[in-house]
Amino acid sequence: MEETKTILHEKTFKELTVDELYELLRIRADVFVVEQDCVYQDLDGDDQRAIHLWLTIEGKTVALCRVCPAGTHMKEVSIGRVITTERGKGYGKQIMLAAIDTAIHIFNARQIDLEAQEYARGFYESVGFVQSSESFILDGIPHIKMTRFTENG
């Protein structure tokens with residue numbers, strides 16, 4: 001059986017092509033707005049300073065996220081907009097590990113924060129994050145802040 005090749009893409013906002021940006025935003029809208037039936041402002045002004053990561057298999061995006069520098073989306077370096085389009089195949093973990101690596105090597109992160117939907121707590125714990133806040137409602141959905149300390153810290 002032939003193995004399909006997964007490609008990790010990592011670009012700044014200015015490096016993204018128009019087609020790449022369109023595809024990332026389309027997937028974010030499909031999942032966060034349509035699938036989760038949540039009306040919120042996805043275009044929050046943080047994308048321009050973020051590093052965008054996504055995985056493709058044979059040209060199809062299967063996972064994506066962004067890594068924001070400290071003082072952008074959150075006080076510390078943060079990871080957000082984490083999505084897998086094909087669940088249960090390990091792509092989420094793969095994109096998160098790449099994002100953690102990016103946070104450390106590009107932004108010299110000592111601490112990485114994220115706002116997780118409560119149901120995804122176990123997933124983020126599996127890549128080293130721990131709950132660091134009480135539950136709160138964000139865009140009508142229960143969330144928790146989660147934190148991961150790096151070896152830089």
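Using R0 = 25 Å, the C-beta based FRET efficiency linking Arg110 and Gln48 works out to 0.60. Relative to the current alpha-carbon distance between Ile7 and Cys38, full extension at 0.36 nm per residue lengthens the span by 8.2 nm.
Over the chain, DSSP H runs of length four or greater, each weighted -39,500 (n - 2.57), average out per residue to a 222 nm ellipticity of -6500 deg cm²/dmol.
A value for P(r) over Cα pairs in 5 Å bins from 0, in percent was derived from the coordinates, and within the list (i) 2, 11, 21, 24, 20, 13, 6, 3, 1, 0, 0, 0; (ii) 1, 9, 15, 15, 15, 15, 13, 9, 5, 2, 1, 0; (iii) 2, 9, 18, 23, 23, 16, 7, 2, 1, 0 it appears as (iii). Near the amide H of Ser132, within less than 5 Å, lie the amide hydrogens of Lys145, Met146, Thr147, all on another chain or at least 5 residues away, with H placed in the peptide plane. Within straight-line reach of Lys60, meaning a Cα separation under 19 Å, sit the following lysines at least 8 residues removed in sequence or on another chain: Lys5, Lys11, Lys89, Lys93. One decimal place: the segment Lys14-Arg121 gains 35.3 nm when fully extended, by the rule 0.36 nm per residue minus the C-alpha distance. Label-to-label distance, Lys93 versus Leu138, with points set 7 angstrom from Cα along the beta-carbon direction: 2.4 nm.
Throughout, read-outs are computed from the coordinates displayed, never taken from laboratory work. If you're wondering where the values come from, they're calculated on a predicted model, not measured in any experiment. Methodologically, a virtual Cβ is constructed for each residue, glycine included, from the backbone with ideal geometry; neighbour enumeration extends over all protein chains shown.
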